[in-house]
Every structure is written in C-alpha cells, then in structure tokens.
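These notes concern the structure reproduced below.
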Amino acid sequence: MIIGHGGNIQDLAKKEGCAVDDIIDMSSNLNPLGPPETIEKVICDNLIKIRSLPEPDALTMRKGFARFHGIEDNQVVAGNGTTWFIYTIPKAFGSKKVLICGPTYSDYKDACLMHKIDFHHCTAKAENYFNLNIDEISGMAKKADTLFICNPNNPTGSLILREQLEYLIKKHENTIFIIDESYLPFVDQADQYSLVAKTGYENLIVLSSMSKIFRIPGLRTGFLSGTKGLCEKIMAYYQPWSVNALAQAVIKHIFDYPERIEPFYRKTRDYIKEEKKVFLEHLKGIQGINLFETNTYFILAGLKNNMKSKDFCEKIGHHKILIRDCSNFFGLSDQYVRLSLKKRQINDRLANLIKQAAKND
C-alpha cells in the first residue's frame, strides 16, 4: 500500500506542532464547495440505521445510479469506494499483462503488485503537456489483457475524448479497458466524455466516484459499471455489506433528487473555472515554476532551478498548508507538486506563498 496519498494532514500537524484543524488541505482532490447542503442532515437523520445491517448488495443505491445514467441495474456494482474495485479487478478478470496509462494514480500499480501481476506503463511526457498519445497506447494495448486509464487524469488533469477511447476499445476487443471517471463530474459537458452509458462493450468497465464531487470521502462510496457478464465477475469477489448503512442512505438521497445533481455539478464547474482563472493569472509569468493546463480543479506544477518537491512542500507546509508531493508518481520526478484549489482567500494565500518559495530558490 502506498503511504504518500494526498490528505495526510495529521503528519503535517505533528511536524508543525498544531491542531489538525489548523491545517488547510490542498493536497486532496475534493470539491472546494463542500458537499451539498442536505448531506449532513441526511447523515444525522439516518444515524439510527447503524443499529441494523445495510442492504448486502446496496441494491437501492445501485438502482439510483443506473436510473440516473440510463442503464440496467445489473450493469452496476456499488462498492466501498472505487479503490476497492481497482484492487479487485485484476484478480476477478485473471489479468496477466496490465497496461497503465500515466503518470497516474498509484493504486493501479499497487493492485498489480498485490496480486503479483506483470504491468507496464504508457507514460505521457511534459513536453506534450502530459497528453497521452493514442497511437502509442494502441501499440502497447496489443500486448495487454487489461488497461487502466484515468480520465481526466490524476495528477495531470489531461483529458481523452470519448471518440478516442471508443476507437481503442473497438480495436482491442481482447483487452479489458478500465476507465476511471472519478474526476469527470468536474469537467464541462462531462456527459460528452463519459462512457457510463456506453457500457454495452464487452471489454469496458467504468469507475465512478461519489467521494470527490460530493466531498464525502469518509463515506467510501463508488460505482463500477459494465455489461452484466463483467459485473458478475466482479460480484464473484463481492463481500456482503460492502457499503455501510450511512453511505447507502446518503447515495440513495442524492439519486432520489436527480433534478438537483446537474445544478450542483454546474455550480461546482463554474466556481472552479473562475477560481482557476484568477489563480493562474495571479501566478502568470512567475519564474521557477511551470503550471500545466488542466481540465480539473487540481493543477500539476513543475519546479525549476533544481527546486525539489519535498523542500517546496515543506516551505508551504510551514504556513500550515498541505500540498501534494508528486515524486512517488511513476513518470514524474522529485520536481513536481499538485495543488487542489479551495476558496478564493486560501487560493490567493497559496499563490503568494508559491511566489515567495520560488523567489527564494
């Protein structure tokens, strides 16, 4: 298991000798607006449900997801976050040769290591703004039985068109494509990129996270969608009561009011679009750091002048702001960090700290 995920605010609080609540976490990729207003009330109103077992297969929340996306119930599996699926998929499908498109989320690799499965990377380069080359992926996909793509990608924020993904899926029928859409709800016109409604392909699995967009990572909820046959393979490894009662209540509530979902998405997208514009303008022309274009609210930054990510994160951390050291992403070096935007005042503060840190080096 990788220890260097974002969000280790306890460690920074200990180093700085302060309370955990004093730390501003700009390392974790979560909705800066927070969860919808009704979520916490739903949790409080449903606390009594922890006294009983939840639905063993989370059927009600599965039905809500399927209804919203216009697919069948038997094309959906609900899980304890998308991470559970990532670690289960290679085993469930008997993967022997895995291709990981990156630099990306480390758990794809860790899942292969756990199950002792051979894996390779198709890695985008900084000179191409970390945009993956479809022809290169296609060439490597010939030798893979399973392929992981995060779209939009973490930590680069790059995005692949749905037409390009469908081209690969159709061309390589013997390769199972795992498309992780955890951050897609943050993208404008996300429905034009999503493959959830296209899960009739016999070699396509789509992962959808509820944690990021609704900012409920502690509830651990996510979905896998695919054909009935592919879902049955996953269900062979499914444990009863994998999604807890409070999580099921919250997700049921969200899909009980589908008319609220798109407005919440739009509000979030509009907000991060404006905040990203202001933040990037604030740092325009700054020496010592290169901010890569992104389709999401998190930004990958390349450090210059031999500045190291560990030292840079420590400088920012002294001001009780946690950012993500990206040195443990395969395909990146110890000169990359990731910044996840928050509210305007905090973003401005981070921009000023970045200026100071870059100037000192």
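Going by the structure shown, is A247 modelled with pLDDT of 95 or more, among the small types (G, A, S) and either surrounded by fewer than 14 Cβ atoms within 10 Å (Cβ to Cβ) or within 23 Å of A126 (Cβ to Cβ) (or both)? First the steps, then the outcome.
Numbers: modelled with pLDDT of 95 or more: yes; among the small types (G, A, S): yes; either surrounded by fewer than 14 Cβ atoms within 10 Å (Cβ to Cβ) or within 23 Å of A126 (Cβ to Cβ) (or both): no.
Answer is no for this residue.
Criterion first (within 22 Å of the chain's Cα centre (by Cα), closer than 20 Å to P35 by Cα, at pLDDT 95 or above and open to solvent by 10 Å² or more (accessible area, probe 1.4 Å)) does Y193 satisfy it?
No: the conditions fail for Y193.
I'm checking my understanding of the structure. Among residues of the stretch 153-169 that are within 23 Å of L230 (Cα to Cα) and in contact (Cβ under 8 Å) with a residue 12 or more places away in the chain, which one is most open to solvent (accessible area, probe 1.4 Å)?
Y167
Out of everything in the stretch 14-29 that is touching a residue at least 12 places away in the same chain (Cβ under 8 Å) and out of contact with any strand residue (DSSP E or B) (no Cβ under 7 Å at 6 or more places or on another chain), what residue ends up being surrounded by the most Cβ atoms within 10 Å (Cβ to Cβ)?
Only one residue tops the list, namely E16.
Please verify whether N328 is in contact with a Leu (Cβ under 6 Å, 6 or more places away or on another chain), open to solvent by 20 Å² or more (accessible area, probe 1.4 Å) and either closer than 19 Å to S158 by Cα or touching a residue at least 12 places away in the same chain (Cβ under 8 Å) (or both), treating the condition exactly as stated.
Numbers: in contact with a Leu (Cβ under 6 Å, 6 or more places away or on another chain): no; open to solvent by 20 Å² or more (accessible area, probe 1.4 Å): yes; either closer than 19 Å to S158 by Cα or touching a residue at least 12 places away in the same chain (Cβ under 8 Å) (or both): yes.
No, not satisfied.
Going through the stretch 34-56 one residue at a time, which ones are within 28 Å of T268 (Cα to Cα) and surrounded by 16 or more Cβ atoms within 10 Å (Cβ to Cβ)?
Within the stretch 34-56, P35, P36, I39, V42, I43, N46 qualify.
Among the residues that make up the stretch 82-93, is at least one of them over 29 Å from C326 (Cβ atoms), of a type in the set (F, W, Y), assigned to a helix (DSSP H, G or I) and touching a residue at least 60 places away in the same chain (Cβ under 8 Å)?
no
Looking only at the stretch 276-294, which residues are assigned to a helix (DSSP H, G or I) and in contact with a helix residue (DSSP H, G or I) (Cβ under 6 Å, 6 or more places away or on another chain)?
Once the filter is applied, which keeps residues that are assigned to a helix (DSSP H, G or I) and in contact with a helix residue (DSSP H, G or I) (Cβ under 6 Å, 6 or more places away or on another chain), the stretch 276-294 yields F279, H282.
Please work out if S52 is in contact (Cβ under 8 Å) with a residue 24 or more places away in the chain, hydroxyl-bearing (S, T, Y) and farther than 22 Å from S225 by Cα.
Judged against the criteria, S52 is a match.
Inside the stretch 36-60, can you point out the residues that are part of a loop (DSSP other than H, G, I, E, B) and within 15 Å of Y257 (Cα to Cα)? Working first, answer last.
Keep residues of the stretch 36-60 that are part of a loop (DSSP other than H, G, I, E, B), which gives 36-38, 46, 52-58.
Within the stretch 36-60, P36, E37, T38 meet the criteria.
Is it the case that the stretch 134-145 has a residue that's touching a Pro at 6+ places or on another chain (Cβ under 9 Å) and either surrounded by fewer than 20 Cβ atoms within 10 Å (Cβ to Cβ) or at pLDDT 95 or above (or both)? Break it down stepwise before answering.
From the stretch 134-145, those touching a Pro at 6+ places or on another chain (Cβ under 9 Å) are none; that's our starting set.
For the stretch 134-145, residues touching a Pro at 6+ places or on another chain (Cβ under 9 Å) and either surrounded by fewer than 20 Cβ atoms within 10 Å (Cβ to Cβ) or at pLDDT 95 or above (or both): absent.
Taking interchain pairs and intrachain pairs at least six residues apart, which have beta carbon atoms under 9 angstrom, with the first residue in the stretch 336-361 and free of Cβ contacts under 8 Å to residues at least 40 places away in the same chain and open to solvent by less than 10 Å² (accessible area, probe 1.4 Å) and the second assigned to a strand (DSSP E or B) and among the small types (G, A, S)?
So the pair list comes out as V337/A301; V337/G302.
Has the stretch 301-321 got any residue that is part of a loop (DSSP other than H, G, I, E, B), in contact with a helix residue (DSSP H, G or I) (Cβ under 9 Å, 6 or more places away or on another chain) and open to solvent by less than 10 Å² (accessible area, probe 1.4 Å)?
Yes - at least one qualifying residue is present in the stretch 301-321.
Which number in (1) open to solvent by less than 40 Å² (accessible area, probe 1.4 Å); (2) assigned to a helix (DSSP H, G or I); (3) closer than 27 Å to L300 by Cβ marks the one condition that A66 misses?
Failing condition for A66: (3).
Each row is one residue, and each column tells you yes or no for (1) at negative phi; (2) at pLDDT below 95; (3) out of contact with any strand residue (DSSP E or B) (no Cβ under 9 Å at 6 or more places or on another chain).
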position	(1), (2), (3)
I3	yes, yes, yes
C44	yes, no, yes
R51	yes, no, yes
T82	yes, no, no
I86	yes, no, no
P103	yes, no, no
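Determine if the stretch 283-297 includes at least one residue that is buried (at least 21 other Cβ atoms within 10 Å of the Cβ) and free of Cβ contacts under 8 Å to residues at least 40 places away in the same chain.
No, the stretch 283-297 contains no residue that is buried (at least 21 other Cβ atoms within 10 Å of the Cβ) and free of Cβ contacts under 8 Å to residues at least 40 places away in the same chain.
The values are calculated or read from the model by the stated rules, or taken from the named source; none is laboratory data. Just so it is clear, the structure is predicted and the values come from calculations on it, not from any experiment. Heads up, the Cβs are rebuilt from the backbone with ideal geometry, glycines too, and the neighbour counts pull from every protein chain shown. With ligands, DNA and RNA removed, areas are computed over all heavy atoms of the protein, side chains included. Shrake-Rupley method; radii C 1.70, N 1.55, O 1.52, S 1.80 Å.
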